[in-house]
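Presented below is the structure to which this report refers.
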Amino acid sequence: MLPVRPLKVITRHRDGRIHAYVLDSGVFGVLEPAAVFQPRPGDEMVESAVWPDLERVVYTTLNGVVCLTRAGGLVWTSDFEPYSGQRHGHRPGCALSLNGCTVWVYRPDAMAGRGGADQWVVHDADSGAVIARRELETVGHGAGHHVHPVDGSTYLDIGEGQDGSVILRGTALADGEADFVTYPWRDRCLIDLAPDGQQFMTVDHGQADVAFHRHPSGEVLFTLPVEGFGYDPEETLVEWSGGYLTPDLAVVTLGGEGQDEQEWFRHHLIDVRTGMLSGEIAVEVTKPYELVPLGDGSWLTSAPDGTPVRWSQAPLPSVPAHTEG
């Protein structure tokens, strides 16, 4: 039996509402929303997270973070000041902690033109009170939160466009404070955390390789360059996508352009215990970022209307390395 992550809720924004889907291990195919939340009138959601009991939602807009009940009642809100009229280039993000006690919010204040540094802010999930605030030495467009499935720490991957990517980790402490660590790279993008919590996966910002790191130290366990998959590094890139299919298998996506200038990509499996290639997985998607591994042997893709679709199948046997576009 494969270990299964704790019950998880994901969200999709459709028709101006937040649809919450529970990733129950026994449900596959096109998923039906377990709850639908209506944001406040005029709010344009950027990112959202829903509590596992489906009773509350938190979401970011370009100028704040809002927490509502399932019935639409306001629990709390926190405005980003000063107000920014900049519509593009900055996407605030949020995540709910593993224990549901805190909400972590990334504020790309520099790109928003607020005259200050980017911030990572920890709010009390019940009251919205600020527990901790970290001013960052970044000028990010947006960031991805990754909540550690075992110890509850939170990783943040900040994208700075052509300037690279910065990875941090935050831990809420018992005294109500928080501890923040910045990893010593500006050229690696965080892709996923292993479902058993022992490691994490990054891709080179220049898309030349994939690496696997020990949690929480960041020590590199092994790295695989493009040529390690049997491709020409002048013609092939490692995509900023993929992740852990199981605790022992990771999906790494490589792509490029064929002679007819048509884009192609293939999903390779890596045995993270040995660092060896372990075949491929066949997925019917039109973009490399549609595949989202869930860590329990299943993965998500998207239906044409954006509804998540959950799949599972045995990995394909090993195949010869790709040699042509």
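Is there a residue in region 36-50 that is within 21 Å of residue 154 (Cβ to Cβ), under 18 Å from the mean Cα position of the chain (by Cα), assigned by TED's automatic domain parsing to the domain that holds residue 144 and hydroxyl-bearing (Ser, Thr, Tyr)? Reasoning before the result, please.
Let us first name the residues in region 36-50 that are within 21 Å of residue 154 (Cβ to Cβ), namely 45-50.
Still in the running and under 18 Å from the mean Cα position of the chain (by Cα): 45-50.
From the residues that got through so far, the ones that are assigned by TED's automatic domain parsing to the domain that holds residue 144 too are 45-50.
Pick out the ones that are also hydroxyl-bearing (Ser, Thr, Tyr) and you get 48.
Looking through region 36-50, at least one residue is within 21 Å of residue 154 (Cβ to Cβ), under 18 Å from the mean Cα position of the chain (by Cα), assigned by TED's automatic domain parsing to the domain that holds residue 144 and hydroxyl-bearing (Ser, Thr, Tyr).
Kindly list the number of the only condition in (1) surrounded by fewer than 19 Cβ atoms within 10 Å (Cβ to Cβ); (2) closer than 22 Å to residue 56 by Cβ; (3) in contact (Cβ under 8 Å) with a residue 12 or more places away in the chain that fails for residue 171.
Exception for residue 171: condition (2).
In region 274-299, what residues are free of Cβ contacts under 8 Å to residues at least 12 places away in the same chain and within 23 Å of residue 197 (Cβ to Cβ)?
Once the filter is applied, which keeps residues that are free of Cβ contacts under 8 Å to residues at least 12 places away in the same chain and within 23 Å of residue 197 (Cβ to Cβ), region 274-299 yields 274, 276.
Between 195, 184, which is crowded, with 20+ Cβ neighbours inside 10 Å, modelled with pLDDT of 95 or more and not hydrophobic (A, V, I, L, M, F, W, C)? Steps first, answer last, please.
Working: 184 fails: crowded, with 20+ Cβ neighbours inside 10 Å.
Being crowded, with 20+ Cβ neighbours inside 10 Å, modelled with pLDDT of 95 or more and not hydrophobic (A, V, I, L, M, F, W, C) holds for just one of 195, 184, which is 195.
Could you tell me how many of the residues in region 125-136 are touching a residue at least 40 places away in the same chain (Cβ under 8 Å) and assigned to a loop (DSSP other than H, G, I, E, B)? Outline the logic, then answer.
Start the filter on region 125-136 by keeping residues that are touching a residue at least 40 places away in the same chain (Cβ under 8 Å), which leaves 125-128, 130-132, 134.
This time we only want the ones that are assigned to a loop (DSSP other than H, G, I, E, B), so: 125-128.
So the count comes out to 4.
Restricted to region 237-265, and to residues that are charged (D, E, K, R) and at pLDDT 95 or above, which residue is nearest to residue 206 (Cα to Cα)? Please lay out each step first, then the result.
Residues of region 237-265 that are charged (D, E, K, R), as a first pass: 239, 248, 257, 260-261, 263.
Filter again for at pLDDT 95 or above, leaving 239, 248.
Values: 239: 10, 248: 26 Å.
Checking each candidate, the answer is 239.
For region 270-313, enumerate the residues that are among the hydroxyl-bearing types (Ser, Thr, Tyr), touching a strand residue (DSSP E or B) at 6+ places or on another chain (Cβ under 7 Å) and either assigned to a helix (DSSP H, G or I) or closer than 24 Å to residue 228 by Cβ (or both). If you could, list the steps in order and put the result at the bottom.
Just the residues of region 270-313 that are among the hydroxyl-bearing types (Ser, Thr, Tyr), to begin with: 274, 278, 286, 289, 298, 301-302, 307, 312.
Next, only the ones that are touching a strand residue (DSSP E or B) at 6+ places or on another chain (Cβ under 7 Å) stay: 278, 298, 301-302, 307, 312.
Residue satisfying the conditions is 278 alone.
Could you pull out the residue among 24, 15 that is over 21 Å from the mean Cα position of the chain (by Cα), acidic (Asp, Glu) and surrounded by fewer than 16 Cβ atoms within 10 Å (Cβ to Cβ)?
Numbers: 24 fails: over 21 Å from the mean Cα position of the chain (by Cα).
From the options 24, 15, the qualifying one is 15.
Between residues in region 254-273 that are within 11 Å of residue 236 (Cβ to Cβ) and residues that are of a type in the set (Asp, Glu) and part of a strand (DSSP E or B), which pairs lie under 8 Å by C-beta distance while being six or more apart or on different chains?
Once the first residue is within 11 Å of residue 236 (Cβ to Cβ) and sits in region 254-273, its partners that are of a type in the set (Asp, Glu) and part of a strand (DSSP E or B) give 255/263; 256/263; 257/263; 264/257; 266/280.
Across region 198-217, what is the total count of residues that are within 25 Å of residue 291 (Cα to Cα), of a type outside the set (Lys, Arg) and surrounded by fewer than 18 Cβ atoms within 10 Å (Cβ to Cβ)?
Taking region 198-217 first, the residues within 25 Å of residue 291 (Cα to Cα) are 198-215.
If we keep only those that are of a type outside the set (Lys, Arg) too, we end up with 198-213, 215.
Now narrow it down to the ones that are surrounded by fewer than 18 Cβ atoms within 10 Å (Cβ to Cβ): 198, 206-208.
Number of matching residues: 4.
Pick out, from region 171-252, the strands (runs of 3 or more DSSP E) lying fully within it that include 2 or more residues that are more than 17 Å from the chain's Cα centre (by Cα).
Details: elements: 178-182, 188-193, 199-204, 209-214, 220-225, 236-238.
Strands (runs of 3 or more DSSP E) meeting the threshold: 178-182, 209-214, 220-225, 236-238.
Filter region 45-64 down to residues that are in contact with a strand residue (DSSP E or B) (Cβ under 7 Å, 6 or more places away or on another chain) and farther than 14 Å from residue 12 by Cβ, then give me how many there are. Even if it seems obvious, please write down each step before you answer.
Filtering region 45-64 down to residues in contact with a strand residue (DSSP E or B) (Cβ under 7 Å, 6 or more places away or on another chain) leaves 45-52, 54-60, 63-64.
Filter once more, keeping what is farther than 14 Å from residue 12 by Cβ: 51-52, 54-56, 58, 60, 63-64.
Residues in region 45-64 being in contact with a strand residue (DSSP E or B) (Cβ under 7 Å, 6 or more places away or on another chain) and farther than 14 Å from residue 12 by Cβ: 9 in total.
Against the definition (surrounded by fewer than 14 Cβ atoms within 10 Å (Cβ to Cβ), within 22 Å of the chain's Cα centre (by Cα) and modelled with pLDDT under 95), how does residue 305 come out, yes or no? Steps first, please.
On the way: surrounded by fewer than 14 Cβ atoms within 10 Å (Cβ to Cβ): yes; within 22 Å of the chain's Cα centre (by Cα): yes; modelled with pLDDT under 95: yes.
So residue 305 fits the description; yes.
Here are some residues: 42, 72, 26. Which one is assigned to a loop (DSSP other than H, G, I, E, B), closer than 24 Å to residue 195 by Cβ and without any contact (Cβ under 8 Å) to a residue 60 or more places away in the chain? Show your work before the answer.
Working: 42 fails: closer than 24 Å to residue 195 by Cβ; 72 fails: closer than 24 Å to residue 195 by Cβ.
On inspection, the qualifying residue turns out to be 26.
Suppose we filter 122, 139, 150 for residues that are in a strand (DSSP E or B), among the aliphatic types (A, V, I, L, M) and either in contact with a strand residue (DSSP E or B) (Cβ under 9 Å, 6 or more places away or on another chain) or touching a residue at least 24 places away in the same chain (Cβ under 8 Å) (or both); which single one remains?
So the residue among 122, 139, 150 that is in a strand (DSSP E or B), among the aliphatic types (A, V, I, L, M) and either in contact with a strand residue (DSSP E or B) (Cβ under 9 Å, 6 or more places away or on another chain) or touching a residue at least 24 places away in the same chain (Cβ under 8 Å) (or both) is 122.
The values are calculated or read from the model by the stated rules, or taken from the named source; none is laboratory data. Worth saying up front: this structure is predicted, and the values here are computed from it rather than measured. Here Cβ is always computed from backbone atoms with ideal geometry, including for glycine, and neighbour counts include all displayed protein chains.
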